[in-house]
Amino acid sequence: MGKPIQIVNSHRIAERIYKLSTCSEPTIGVTRLSFTNEFQLAQKMVEKWMLEAGMTVRRDNLNNLIGRYEGKNSHSPVLMIGSHLDTVIEGGKYDGMLGIVAGIEVIAILFENGIILENPIEVVAFCDEEGVRFHSTFLGSKAIAGTLTERDLEATDEQGITVAAAIKQLGLNPLEYQEAAKEPKDVFGYIELHIEQGPILEKEGIACGIATGIAGLSRYSFKVEGFAGHAGTVPAALRKDALVGAAEIILAIEKLVKNHAPLVATVGKLSVKPGSSNVIPGEVLGTIDIRDTNQYRIKEVIQAIFQTCEEICTRRGLTYHVEKVMEAPPVYCCEEISAAIESAIQENGMRPIHLVSGAGHDAMAMADVTKIGMIFVRCEKGISHHPDEHVILDDLGIGAQVLLDTVLKISNYHTTVKERF
Ligand code: HGY
Ligand code: MN
Ligand code: MN
């Protein structure tokens, strides 16, 4: 088979990803949290590119940006593609952005070649997938999937600003969040192109892979309370040091998790109060992020973590409080969409590789309203959530080409087969 024909413009993709990366707080890497000025700057860029690609563009009341490329039958259910526009702190350029920019590239190619499909296509730039600012996650995709709740809008950031207040500051009305929701009859599939954020595709020497499913994730916040005191006068035996207690808990979690592989757990955030070098820490706040494809194993480990906290805090005269922030069960990709991705990958000269995603994605939330599929693109050394996150130019093009070919296959399948899968 000759070199597969690639009609997407990888240079345009690379240039747009670079431009989006400049919409950031002044940190190393990219820091763009939901509903911030840098987020809105990025959203304006995406809106311009959507309009140039022949789409109509709207913002829903959760600040999702949605470009629509009309089909011959505007009443047909829509095929949705896209990803998230927010990033982690000091993250990379491609996590989320690749799915949005490649999605726009797909429509631009259709538009520039005068191709109009039977069904409409919508490209979504979700407002909050990483959940960094409000320790939430999937706010935008849950709104579209119809699973967002008013309680989600009450989450606060470190300045005490709620999700609802932050959105209202943008001139939107978050309490009308139900208007963002799609009905299952409105959408016949969601396909997300995303960097793999792992080492497998690079090890296999293949640019793209097919996700079979996405691991479940549970997020908890915890507080360990002791008694603040003078660093110079309180004897060691009389201390109620919240930080030493938290440290023992964190090491115990690491040991626990080793016996429950492939489950992983991360304490990613820790704050110490009062936070002076000459005061014994009286309080520690932290987060626990747990991932596994087996939800029962997650529950088992959570119970074991509670017991560990109980034992360590009792022995040290400390108190603790652990609260569930969110949990998303593992989801599985639709076989028909995955089959279309597989054949697109083969037609682009690659061996199909199927991977489970350890990272969470908006597709997890979208699985509550429609069938999902995910295309993974190789990223260097599997690095992600880090300024060194990188995708080579060729892979940007191959990934977008596979997305385009999959969109055409799925649209055709849906149109010709006219049944819902
Ligand atoms: O945390 C995750 O897995 C995703 O990057 N939000
Ligand atoms: Mn991420
Ligand atoms: Mn992501």
Suppose R0 equals 30 Å. What FRET efficiency, 1/(1 + (r/R0)^6) with r the Cβ-Cβ distance, do residue 212 and residue 327 give to the nearest 0.05?
0.90
At what distance in angstrom do the alpha carbon centres of the range 343-388 and the range 235-294 lie from each other?
32 Å
Rounded to one decimal in nm, the spacing of the 7 Å Cα→Cβ label points at residue 149 and residue 346 is 4.4 nm
So which trypsin sites (Lys or Arg not before Pro) in the range 31-139 pass both tests, a DSSP loop state and at most 12 other Cβ atoms within 10 Å of the Cβ?
72
Give me the percent of the accessible area of the range 201-324 that comes from carbon and sulfur atoms, probe 1.4 Å, all protein chains in place.
57 percent
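For the chain, divide the Cα radius of gyration by the Kirkwood radius and give the resulting Rg/Rh value with two decimals. Provide the component values of the computation, followed by the final result.
Numbers: Rg = 22.8 Å, Rh = 22.5 Å.
Dividing the radius of gyration by the Kirkwood radius yields 1.01.
Rolling a 1.4 Å sphere over the protein heavy atoms, what is the accessible area per residue of the chain, to the nearest Å²? All intermediate terms of the calculation are to be shown ahead of the outcome.
Values: 18100 Å² over 421 residues.
In whole numbers, the chain has 43 Å² accessible per residue.
Any of 182/269; 72/371; 142/185; 255/371; 168/223 with alpha carbons more than 26 Å apart? Name them for me.
On the way: 182/269 34 Å; 72/371 22 Å; 142/185 17 Å; 255/371 37 Å; 168/223 31 Å.
In this structure, 182/269; 255/371; 168/223 exceed 26 Å between Cα atoms.
Run lengths n ≥ 4 of DSSP H only: what is the helix-derived mean residue ellipticity at 222 nm for the chain, with -39500 (n - 2.57) per run over all residues, to the nearest 500? Walk me through the numbers on the way to the answer.
On the way: 11 runs with 144 residues, N = 421.
Computed mean residue ellipticity for the chain: -11000 deg cm²/dmol.
Considering only protein heavy atoms and a 1.4 Å probe, what is the carbon-and-sulfur percentage of the accessible area of the range 123-162? Numbers along the way, then the final one.
Working: 610 of 1400 Å².
Ligands and nucleic acids excluded, carbon and sulfur give 43 percent.
Considering all alpha-carbon pairs of the range 1-87, what whole percent are spaced by more than 23 angstrom? Present the calculation step by step, with values, prior to reporting the outcome.
On the way: 1335 of 3741 pairs.
For the range 1-87, the fraction of Cα-Cα distances above 23 Å is 36 percent.
Quick one: Kirkwood hydrodynamic radius for the range 274-326, alpha-carbon pairs, angstrom, one decimal? Working shown, then result.
Values: mean 1/r = 0.0754 Å⁻¹.
It is 13.3 Å.
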Whole-number Å³ per residue for the convex hull built on Cα positions in the range 216-328
86 Å³
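Over the chain, calculate the relative contact order: mean separation of alpha carbon pairs under 8 Å at least 6 apart, over the residue count, as a percent. Before the final figure, lay out the partial values.
Values: 945 pairs, mean separation 95.1, N = 421.
Relative contact order for the chain comes out at 23 percent.
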So how much slack lies between residue 266 and residue 412, counting 0.36 nm per residue of separation and subtracting their Cα-Cα distance, in nm?
48.3 nm
Could you tell me which residue out of 94, 17, 159 lies farthest along the dipole of the chain toward its positive end? Charges go on the beta carbon: Lys and Arg +1, Asp and Glu -1, centred on the Cα centre.
159
Please build a GNM for the chain, connecting alpha carbons under 10 Å apart, and tell me which residue among 317, 103, 91 fluctuates the most.
317
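Accessible area, 1.4 Å probe, largest first: how do 15, 70, 342 sort? Show your work: numbers first, answer last.
Working: 15 100, 70 75, 342 55 Å².
From most accessible down to least: 15, 70, 342.
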Calculate I(q)/I(0) for the range 56-190 by the Debye formula, one identical point scatterer on each C-alpha and no solvent, and give its log10 at q = 0.17 Å⁻¹ to two decimals.
-0.92
If I take R0 = 25 Å and measure r between the Cβ atoms of residue 388 and residue 294 in this structure, what FRET efficiency does the formula 1/(1 + (r/R0)^6) give, to the nearest 0.05?
0.20
Label-point gap, in nm, between residue 276 and residue 25 - each point 7 angstrom along Cα→Cβ:
2.6 nm
Per-pair calculated FRET efficiency, R0 = 45 Å: residue 169 and residue 5 via Cβ, rounded to 0.05:
0.45
Choice from 288, 337, 107 with maximal GNM fluctuation in the chain (Cα, 10 Å cutoff):
288
Pick from 385, 354, 321: which residue has the top mean-square fluctuation in a GNM of the chain where Cα pairs under 10 Å get a spring?
321
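The values are calculated or read from the model by the stated rules, or taken from the named source; none is laboratory data. Since the model is a prediction, treat every value here as computed from it, not as a measurement. Cβ sites come from the backbone with ideal geometry, for glycine too, and all protein chains shown count toward neighbours. In case anyone asks, the SASA skips ligands and DNA or RNA and just uses the protein heavy atoms, side chains included. Shrake-Rupley method; radii C 1.70, N 1.55, O 1.52, S 1.80 Å.
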